[in-house]
1. Go through the residues of region 419-436 one by one and say whether even a single one is within 25 Å of the chain's Cα centre (by Cα), at positive phi and surrounded by 14 or more Cβ atoms within 10 Å (Cβ to Cβ).
2. For SER92, all conditions in the list (1) among the hydroxyl-bearing types (Ser, Thr, Tyr); (2) more than 30 Å from GLY113 (Cβ to Cβ); (3) in contact with a strand residue (DSSP E or B) (Cβ under 6 Å, 6 or more places away or on another chain) hold save one; what is the number of the exception?
3. If I ask for residues that are under 14 Å from VAL265 (Cα atoms) and not aromatic (Phe, Trp, Tyr), which ones from region 68-90 would you list?
4. What is the residue count in region 34-60 for residues that are aliphatic (A, V, I, L, M) and under 13 Å from LEU266 (Cβ atoms)?
5. Could you count how many residues in region 21-74 are outside the structural domain of GLY236 (by TED's automatic domain parsing), aliphatic (A, V, I, L, M) and either without any contact (Cβ under 8 Å) to a residue 40 or more places away in the chain or outside any loop (DSSP other than H, G, I, E, B) (or both)?
6. Output the residues belonging to region 333-342 that are free of Cβ contacts under 8 Å to residues at least 40 places away in the same chain and buried (at least 23 other Cβ atoms within 10 Å of the Cβ).
7. Tell me, please, whether a residue that is in the same structural domain as ILE362 (by TED's automatic domain parsing) and under 21 Å from the mean Cα position of the chain (by Cα) can be found in region 294-301.
8. Need the failing condition index for GLY466 against (1) in the same structural domain as ILE332 (by TED's automatic domain parsing); (2) within 27 Å of the chain's Cα centre (by Cα); (3) not β-branched (Val, Ile, Thr), just the number.
Amino acid sequence: MTMNHHETPVLDALASYRDRGELGFSPPGHKQARGAAPAVRAVLGDAVFFGDVLATGGLDDRREKSSVLQRAENLMADAVHAEHTFFSTCGSSLSVKAAMLSVAAPHQKLLVGRDAHKSVIAGLILCGIEPVWLEPQWDRERHLAHPPSPSTLEEAFTRHPDARGALITSPTPYGTAADLRAMADICHRRSRPLIVDEAWGAHLPFHPDLPSWAMDAGADVCVTSIHKMGSGLEQGSVFHLQGDLVDHDTLASRADLLGTTSPSVLLYAGIDGWRRQMILEGHGLLSQALDLVATVRRRIEEIEGMHVNGKDDFCGPGAAAEFDPLPLIIDIEGLGTTGYRAADWLRQHHRIDMHLVDHRRISAQFTHADDKDTADRLLAALHDLADHAHTLRPAPEVQVPTPAELRPDQVCLPRDAYFARTQDVPAPEAVGRVAAEMLTPYPPGIPAVLPGERITEPLLRYLRTGVEAGMNIPDPADPTLQTIRVRTEGP
């Protein structure tokens, strides 16, 4: 059936709600902004409150006879070549958990890339799945990880034929993507599903010069964040399904189990409107963005002390299969300072907020929303940063481990360590103990230490020198890492 992508069922229903003059004696209690504090209305504007209605019994009737959400989801599925789509207002952090729970049950094995986001680890903790870690492909020179290779996935299935499926993160926050077609083939030869955490890939279906879209590559479930590289609001997420290796009703049930009973119609509207924008205008918008980024990349290369990582740096044997150029990963090692200091300086002096920052990089994430004005402002700030880099020296040294030192032994399941009896010990005494919390440099939110892993001296040294240099580690009980939460030993 041909679908009309000029439609936006959620947005249209919101407009109709106001046109009809609906009067709700139900939540939300602000009652179409009437009860909101004047100071709040002055900052947020009344449009936010006008769009904040009940999904059921407001946007649609109590029995959802108009199928507003279902029609919007069907249009999205058609737009991105999926068989089914589910909207989520709890972010991709929930969506990826629902996908995991649909594939593996407690104590069953799931092959998981060790470069997974902390939301994946949270899913392991909540449901008790046993992870079999897939090693990323480590760039020893640049000290970063690319997605695992197909050969790593093949070897893991050979060692663990009882694994229920695999979960891969692609693309990464650095813009590098896995060979998803090969990975899907490896999984499907064993009648096992492939889940792709494609949170950074919402734009991929809409332009041929971007990395392969998971649904086109044969993945069974893929999760994407509409707010990251799309035009949706924060927490807007969708997950897509195709094939028969993951049951539709099971996935819907798991999402219902984890999700909120009070979904935000504002987020639904953002997802719905973004789909229409992309299906009608996406190719042109993304072409403009790609052209702009190509120019910005060339101009940053002219700034002394800076290098923008590109396909030649990140792709090839032993590295990534594909590359998204829209995230600008700027190596500033030549400036003699850290990404932490550089990002803080740019915010303080130019009111520019960078995305990913680490011991030697800053990242500027471009989307179809950027234009010559935003690009020129960034370039002017980067030139000024280079001119003032001497004020940011000497930078504290972050003692980055070797790839071999980055992978501690997993002693027990993440769930078992997280819910065990714990104690907080001084950091030096944590070496050799089993972690009971995540230690996650953020962004990008990939844990360096997980519950159930034995803490090593190189990893602890890396994290503590990182904190001293400006690294943000928000999830442990003590973000300063003076103490570490570990599993209590003994009876």
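The values are calculated or read from the model by the stated rules, or taken from the named source; none is laboratory data. Remember, predicted model here, so these are calculated numbers, not experimental data. Don't worry about glycine lacking a Cβ; one is built from the backbone with ideal geometry, like all the others, and counts go over all protein chains shown.
1. We begin by selecting, within region 419-436, every residue within 25 Å of the chain's Cα centre (by Cα); these are 435-436.
Within this subset, residues satisfying the condition of being at positive phi are none.
The answer is no; no qualifying residue exists.
2. Only one criterion is unmet by SER92, namely (2).
3. VAL68, LEU69, GLN70, ALA72, GLU73, SER88, THR89, CYS90
4. Looking only at that region, the number is 7.
5. Summing the residues that are outside the structural domain of GLY236 (by TED's automatic domain parsing), aliphatic (A, V, I, L, M) and either without any contact (Cβ under 8 Å) to a residue 40 or more places away in the chain or outside any loop (DSSP other than H, G, I, E, B) (or both) in region 21-74 gives 11.
6. Taking region 333-342 first, the residues free of Cβ contacts under 8 Å to residues at least 40 places away in the same chain are 333-334, 339.
Within region 333-342, GLY339 is the sole residue that qualifies.
7. First, pick out the residues of region 294-301 that are in the same structural domain as ILE362 (by TED's automatic domain parsing): 294-301.
In the following step, the residues that additionally are under 21 Å from the mean Cα position of the chain (by Cα) were identified as none.
Within region 294-301, none of the residues are in the same structural domain as ILE362 (by TED's automatic domain parsing) and under 21 Å from the mean Cα position of the chain (by Cα).
8. (1)
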